[in-house]
Amino acid sequence: MSYHVNENGYFGSFGGAYIPEMLYPNIEELKRVYSQMISDPAFTAEYTQLLRDYVGRPSPLYLAERLSQKYGASIYLKREDLNHTGAHKINNTVGQILLAERLGKKRIIAETGAGQHGVATATVCALKGLECVVYMGEVDIERQAPNVARMKMMGATVIPATSGSKTLKDATNEALRDWINNPADTHYIIGSVVGPHPYPDMVARFQSIISEETKWQLKEKTGSTEPDYVLACVGGGSNAMGMFYHFLDDANVRLIAVEAAGKGVDSGETAATTLLGKEGVLHGSRSIVMQTEDGQVVEPYSISAGLDYPGIGPQHAHLYASKRAQYVSITDDEAMEAALLLTQLEGIIPAIESAHAFAYLDKMQFKGGETVVVCLSGRGDKDLNTYMKYFGL
Amino acid sequence: MNRISQLFNQKKTSVLSIFFTAGYPGLHSTVDIAEALEKAGADFLEIGIPYSDPLADGPVIQNSSQKAIANGMTVKLLFEQLKDLRKRVSVPVLLMGYVNPVLQYGVERFCASCAEVGVDGVIVPDLPMYEYEEMYRTCFEKNHVSNIFLITPHTSEERIKKIDELSNGFIYLLSSSSTTGKSLSVSATTEDYFARIKNMNLQNPTMIGFGISDHTSFSKASEYANGAIVGSAFVRLLDSENYMEKIPEFVKGIKGEISVS
Ligand SMILES: Cc1ncc(COP(=O)(O)O)c(C=O)c1O
C-alpha cells in the first residue's frame, strides 16, 4: 500500500485540487516550480542552512525521565517547541518562502489559528523582506493575543476573519478569497497539510524533517531507528504528518494521531473530525469533514485554537481509512491536566495543541520498556492567558 | 436539445441571466422570485445553492448564503420547491453551488433530481475539469444536464479549447480573477481578453459574469459575449423590503429599457 500522493494528487481516494478556475494557473505554476525546486541542490543547501542556523535544527530528542517513570515506558519528546518562533510551523514556512522567491511573488498571505503559523510566516517574510498579510479568526485574535502582537511587530498586517465561527476555517476561506483576487503577485503559504494538491504533499515533506531527525537521534540513543509508538496532535495534521512521515513504511511502528474532542465528542462542541466527520470537500481537497447531512460544514470547537478545525489533511484521511494510523481524541480538560503534568514533571510548558498528544499517554497500556516518541509541537507561551484563566493562576 | 441551447439558437446577443440564492430572503421565496424575473424579461436564471464556505463569493452572496442556511434551506428542500418550477417558469434554469453539498446529496441523485424538476444545467466552480471528466461527466450527460465551465483572463488558450470541447450550453467568462461582487472595471487589458476570446470563435456561446451590475456594464459585456450575468447587484436588491415590486424595474434597468438613476 502506498501512503504517498499519486500523479493526480490523490492519497487513495482523498486529495485532489477542488479549486475554482481562478486559482488553476497558480496551482499549476506551484506544482511546476515546486518539483523543480526540490530536485535543485541549491535549494537543498539553502533550506538546510536556514533550518540549522536560523531555526536551530536539529531539534533535540529528549528522554523525559520522570514522565517515563510515571507511565512505565521510555518516553522521548521531539522538541519542536525549541525551534525559533516556538513550534514546528517554521519548518514549512522556511521551505515555502524559498518557493515564493522562486515563483517571483512579492506578497505573502497566510491563515492562522493559534497564531504560530502566522508568526512563522511573518518571521520568514521579515527575513526575506516580503509583504505579509495574515488572516486570523476574530475569536483566535483574542485568545492568542501575544502572537498577534508578534506578527504586528514583524511588520505583518493581521486581518480578522469575521464570518462563521470566526476561527481557523474562516481564516482559511478569507485567505483563499484573497488569493483569488490577487493571483499574479501573491503566494499563499498554507500552514498545514490541507488545501488543494500539491499543498498537502509539499507541507508534509517540509515537515518530514521531524521524523528524519527522530530516526537517527533514536538510533544514537537506543540503537534502533524504530520506536513502538509515535504520537502527535492533529489540527490540519502537519506536525503529525512530519512526525509520521519516515515511519509510514515501518509497519512495526504504531502511529497515533490525537484530535481535539473539545467538551466531549457528543457535546456538539468538538473538533473530533475522524469520529464525527464524513467524506467531503473542504478548502480544495477531498478528505474527512465535519458536516451536516446537507453538506454544510459544521463549526468546530476546541480550547486550543490550533486544533479548532473541522477537517484533516487528505493524507491523514488516507491513513485513517487504510488503518495505518490510529485516530483518537482528547477533551479540553484532559489536555489541560496533561499540560500541567508535563510542566510539573519535566519543567516544560507545552502548547495546548501538543498537550492533547501527551494526554493520550494516560489512556495507553504499557507492558514496560516500550519506546514512545511524542511530538512536542510547540511551547505554551502563547497559551498563558488560557492557562491562567483555566487554573486560576 | 435542452432549453439552454434553444435559447442561444434564438437569441444571440444581449442575453441576460440573473443569479439569486435559494432560500433568501425568505425560505420559500425561490420560485416566486424566479417567476417574477422571467416576467420582467430575464432570459435565464441561476439559482444558488447556499453553502457554509463559499470561497469564490464576496460578502453579498456570502451573507445571502448564510441567511438562507439559517432559514433552513437544503438541497433536498430546494428540489421539493422546484417540483412546480416548470408550471411557472419556462426560461432555462441552472443551479449554481459548491461541490460538497452536491456530493452529500449524491451526484447521481443530484443529476436525476435536476432532470426531474427541469433544471437545465449546473455551475459548480470548485469542481475541477479532471474530476468532472473522470467521475461525473457520464452522469451529467445521461440526464441532459449541462455542466458550465468558467474561464478567467489567465486561462490558457489550450485549456479554453478543451473547455469548449467539454461544454454544451455556454461558457462562463469571468470578467476578472476575483470573487463575486466587485465592480467591473473595463481596462484595455480586459477588452483585450474579451476580444481574444471572441476571436477564438468558440463553438459554445459565452456569457460574461462577475461585476455586472447595471446597464453600462451589461451592454459593455454584450459587445464581446452573447450576454452577461448579474449576481450580487440583484441579491443586494433582495435585501430591501418590497423587493418583489422592484424586480421589473431592476431587470428593465439592466437591459436599458428604462433609465434608472
Ligand atoms: C503548537 C501547535 N501544534 C499543533 C498545531 C496544529 O496544527 P497541525 O495539525 O497542522 O500540526 C498548531 C497549529 O496552530 C500549533 O500551533
* Asked: In segment A:258-267, is there at least one residue being of a type outside the set (A, V, I, L, M, F, W, C), within 14 Å of the ligand (Cβ to nearest atom), over 25 Å from residue A:10 (Cβ atoms) and assigned by TED's automatic domain parsing to the domain that holds residue A:383?
  -> no
* Only helices (runs of 4 or more DSSP H) wholly contained in segment B:97-187 count here; list those with 2 or more residues that are of a type in the set (S, T, N, Q) and more than 11 Å from every other protein chain (Cβ to nearest Cβ). => none
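Among residues belonging to segment A:9-46 that are away from chain B (no Cβ under 14 Å), more than 30 Å from residue A:322 (Cβ to Cβ) and not charged (D, E, K, R), point out the one that is surrounded by the fewest Cβ atoms within 10 Å (Cβ to Cβ).
A:41
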* Asked: Which condition breaks for residue A:309 when tested against (1) farther than 21 Å from residue A:95 by Cβ; (2) away from the ligand (no atom under 14 Å from the Cβ); (3) of a type in the set (Phe, Trp, Tyr)?
  -> (2)
* Within segment A:244-255, can one find any residue that is open to solvent by less than 10 Å² (accessible area, probe 1.4 Å) and more than 24 Å from residue A:2 (Cβ to Cβ)? -> no
* Asked: How about segment A:169-267: which helices (runs of 4 or more DSSP H) wholly inside it have at least 3 residues that are among the charged types (D, E, K, R)?
  -> A:209-222
* Asked: Of the residues A:338, A:359, which single one is open to solvent by less than 30 Å² (accessible area, probe 1.4 Å), free of Cβ contacts under 8 Å to residues at least 40 places away in the same chain and not aromatic (Phe, Trp, Tyr)?
  -> A:338
* residue B:136: aromatic (Phe, Trp, Tyr) and modelled with pLDDT under 95, yes or no? -> yes
* Candidates A:126, A:120, filtered to the one that is among the hydrophobic types (A, V, I, L, M, F, W, C), assigned to a helix (DSSP H, G or I) and more than 11 Å from the ligand (Cβ to nearest atom) -> A:126
* Asked: Applying the selection to segment B:141-183, what residues are among the polar types (S, T, N, Q), within 30 Å of residue B:236 (Cβ to Cβ) and in contact with a strand residue (DSSP E or B) (Cβ under 8 Å, 6 or more places away or on another chain)?
  -> B:146, B:147, B:152, B:167, B:175
* Residue in segment A:339-374 that is nearest to the chain's Cα centre (by Cα), counting only those that are among the hydrophobic types (A, V, I, L, M, F, W, C) and more than 14 Å from the ligand (Cβ to nearest atom) -> A:373
* Tabulated pairs, segment A:170-184, first within 9 Å of another protein chain (Cβ to nearest Cβ), second of a type outside the set (S, T, N, Q) and surrounded by fewer than 24 Cβ atoms within 10 Å (Cβ to Cβ), C-beta under 6 angstrom, 6+ apart or interchain -> A:170/A:164
* **Near pairs, Cβ below 6 angstrom, 6+ apart or cross-chain, from segment A:299-318 (within 19 Å of residue A:148 (Cβ to Cβ)) to any residue that is crowded, with 24+ Cβ neighbours inside 10 Å and among the polar types (S, T, N, Q)** => A:305/A:144; A:308/A:167; A:308/A:302
* What about residue B:39, is it surrounded by fewer than 22 Cβ atoms within 10 Å (Cβ to Cβ) and assigned to a loop (DSSP other than H, G, I, E, B)? -> no
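The values are calculated or read from the model by the stated rules, or taken from the named source; none is laboratory data. Model, not experiment: these values are computed from the prediction. When we count neighbours, we look across all protein chains shown, and the Cβ atoms used for this are built from the backbone with ideal geometry, even at glycine. Protein only, heavy atoms only, side chains kept; ligands, DNA and RNA dropped before computing areas. Shrake-Rupley method; radii C 1.70, N 1.55, O 1.52, S 1.80 Å.
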